[in-house]
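Heads up, the thing below is written out as structure tokens.
The values are calculated or read from the model by the stated rules, or taken from the named source; none is laboratory data. Please read all numbers here as calculations on a predicted model, not as lab measurements. Heads up, the Cβs are rebuilt from the backbone with ideal geometry, glycines too, and the neighbour counts pull from every protein chain shown.
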Amino acid sequence: MMTTIQRYFDLPEVHAGEDARFVIVPVPFEATTSYGEGTARGPAAILTASRYVELYDEELKAEPFTAGIATAQTLDVTGTPEDVMARIEERVGGIAAAGHVPIVLGGEHSITPPAVRGVASAVGDITVVQFDAHADLRDEYEGTKLSHASAMARVRERFPAVQIGIRSLSKPEAEWIERDKLPVFFGHQIARDAGWMERALAAIETPNVYLTIDIDALDPSLVPQTGTPEPGGLSWYDVTKFIKMLAQRKRVVGLDLVELAPQEGHHAADFIAAKLVYKCIGFIASAQ
């Protein structure tokens, strides 16, 4: 039985057994944040906020938690970044191999590549769908290839990816996107193109999808509590509509939500993150 001091939604233990469809994995890792800090507190804030999210989803007309949600023990994030990445890959891979959908709560975005590798080791070919304000395609940043700013560069070394909501990147990243015609959907394009969702879905190369959500993909008017907020972000319904379509057309085999930097006295962002995770659970459970 998986136990932890604080459980997602504070659900009864009956949902924390081996038959749970979804397993929450808190990973409070923060080592390479480059502006605002605090992502290490993100998982605990999401777990706390989840207790106040209604279990009934009015859009789905269902209670998604009945699919079963377990919360694993918080991952040990001590040691070198390499040590932590190895633990993430092993933990997430084991959860996926056991037939669950792992949901990783970060922490900074550098946790995504090992989580993707772990899921892929269990399910095979996979495409990563990224919601983010930043391209995260730098080969290295501030002296490390394991930076949050290099997360998608590490992902793309092994897996195809579709990137959505991007509105901040370096010139070398832009040149890579242009040179290789990477499927990147920029924020300014989304704002004026009603057909972007269909094109993004068409760009996904495999039936299996890993979804990574950097909370800064949302507009900072909704979520200012993140390390590097960028104006011009996506709306709540931009994100949830696409995820619903994604779950209906593809098999979402794992996901993460990262880069929440909680601020004392300001709980809206924590609640939005917790509810967004629950919306993902609902869409996946109802479609697959």
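Could you check the range 125-148 and list, in sequence order, the residues that are within 14 Å of the chain's Cα centre (by Cα) and β-branched (Val, Ile, Thr)?
THR127, VAL128, VAL129, listed by residue number.
Taking the condition free of Cβ contacts under 8 Å to residues at least 60 places away in the same chain and either assigned to a helix (DSSP H, G or I) or closer than 28 Å to ILE272 by Cα (or both), does SER121 pass? Break it down stepwise before answering.
On the way: free of Cβ contacts under 8 Å to residues at least 60 places away in the same chain: yes; either assigned to a helix (DSSP H, G or I) or closer than 28 Å to ILE272 by Cα (or both): yes.
It is true that SER121 is free of Cβ contacts under 8 Å to residues at least 60 places away in the same chain and either assigned to a helix (DSSP H, G or I) or closer than 28 Å to ILE272 by Cα (or both).
If ALA72 satisfies every condition in (1) of a type in the set (A, V, I, L, M, F, W, C); (2) more than 17 Å from PHE29 (Cβ to Cβ); (3) modelled with pLDDT under 95 but one, which is the exception?
(2)
Can you find a residue in the range 217-229 that is modelled with pLDDT of 95 or more and in a helix (DSSP H, G or I)?
yes
Taking the options GLU82, GLU90, name whichever one is surrounded by fewer than 24 Cβ atoms within 10 Å (Cβ to Cβ) and free of Cβ contacts under 8 Å to residues at least 40 places away in the same chain. Working first, answer last.
Values: GLU82 fails: free of Cβ contacts under 8 Å to residues at least 40 places away in the same chain.
Selected residue: GLU90, the only one of GLU82, GLU90 that is surrounded by fewer than 24 Cβ atoms within 10 Å (Cβ to Cβ) and free of Cβ contacts under 8 Å to residues at least 40 places away in the same chain.
Within the set of pairs 6+ apart or on separate chains, which have a first residue in the range 9-31 that is at pLDDT 75 or above, a second that is charged (D, E, K, R) and not in a strand (DSSP E or B), and C-beta atoms under 6 Å apart?
GLU30/GLU108
Let me spell it out: the conditions are (1) part of a loop (DSSP other than H, G, I, E, B); (2) crowded, with 23+ Cβ neighbours inside 10 Å, and ARG158 meets all of them except one. Which number is the exception?
(2)
Restricting to the range 208-240, and then to whatever is small (Gly, Ala, Ser) and surrounded by 15 or more Cβ atoms within 10 Å (Cβ to Cβ), can you tell me which residue is farthest from PHE271 (Cα to Cα)?
At the first step, the residues of the range 208-240 found to be small (Gly, Ala, Ser) are 217, 221, 227, 232-233, 235.
Remaining after also requiring surrounded by 15 or more Cβ atoms within 10 Å (Cβ to Cβ): 217, 227, 232-233.
On the way: ALA217: 16, GLY227: 17, GLY232: 21, GLY233: 18 Å.
Checking each candidate, the answer is GLY232.
Report whether or not GLU205 is surrounded by fewer than 23 Cβ atoms within 10 Å (Cβ to Cβ), on the phi > 0 side of the Ramachandran plot and either within 16 Å of the chain's Cα centre (by Cα) or touching a residue at least 12 places away in the same chain (Cβ under 8 Å) (or both).
Details: surrounded by fewer than 23 Cβ atoms within 10 Å (Cβ to Cβ): yes; on the phi > 0 side of the Ramachandran plot: no; either within 16 Å of the chain's Cα centre (by Cα) or touching a residue at least 12 places away in the same chain (Cβ under 8 Å) (or both): yes.
It is false that GLU205 is surrounded by fewer than 23 Cβ atoms within 10 Å (Cβ to Cβ), on the phi > 0 side of the Ramachandran plot and either within 16 Å of the chain's Cα centre (by Cα) or touching a residue at least 12 places away in the same chain (Cβ under 8 Å) (or both).
Restricted to the range 255-267, and to residues that are surrounded by fewer than 22 Cβ atoms within 10 Å (Cβ to Cβ) and in contact with a helix residue (DSSP H, G or I) (Cβ under 9 Å, 6 or more places away or on another chain), which residue is nearest to GLY227 (Cα to Cα)? Give the derivation first.
In the first step, residues of the range 255-267 are kept if they are surrounded by fewer than 22 Cβ atoms within 10 Å (Cβ to Cβ); the result is 263-267.
Then keep just the ones that are in contact with a helix residue (DSSP H, G or I) (Cβ under 9 Å, 6 or more places away or on another chain); that gives 263, 267.
Details: GLN263: 11, HIS267: 16 Å.
Out of the qualifying residues, it is GLN263.
Which of the following residues is over 16 Å from the mean Cα position of the chain (by Cα), of a type outside the set (S, T, N, Q) and part of a helix (DSSP H, G or I): ALA151, ALA86?
Values: ALA151 fails: over 16 Å from the mean Cα position of the chain (by Cα).
Within the list ALA151, ALA86, the selection yields ALA86.
Can you go through GLY107, GLY143, GLY165 and tell me which one is free of Cβ contacts under 8 Å to residues at least 40 places away in the same chain and of a type outside the set (S, T, N, Q)? Walk me through how you get there before you give the answer.
Working: GLY107 fails: free of Cβ contacts under 8 Å to residues at least 40 places away in the same chain; GLY165 fails: free of Cβ contacts under 8 Å to residues at least 40 places away in the same chain.
So the residue among GLY107, GLY143, GLY165 that is free of Cβ contacts under 8 Å to residues at least 40 places away in the same chain and of a type outside the set (S, T, N, Q) is GLY143.
Taking the condition of being surrounded by fewer than 18 Cβ atoms within 10 Å (Cβ to Cβ) and part of a loop (DSSP other than H, G, I, E, B), how many residues in the range 167-202 meet it?
5
Any residue in the range 260-279 that is closer than 25 Å to GLU59 by Cα sitting within a Cβ distance under 8 Å of a residue that is surrounded by fewer than 19 Cβ atoms within 10 Å (Cβ to Cβ) and of a type in the set (S, T, N, Q)? List the pairs, counting only those 6 or more apart or interchain.
That search, which allows pairs on different chains as well, returns ALA269/GLN263; ASP270/THR48; LEU276/THR240; LYS279/THR240.
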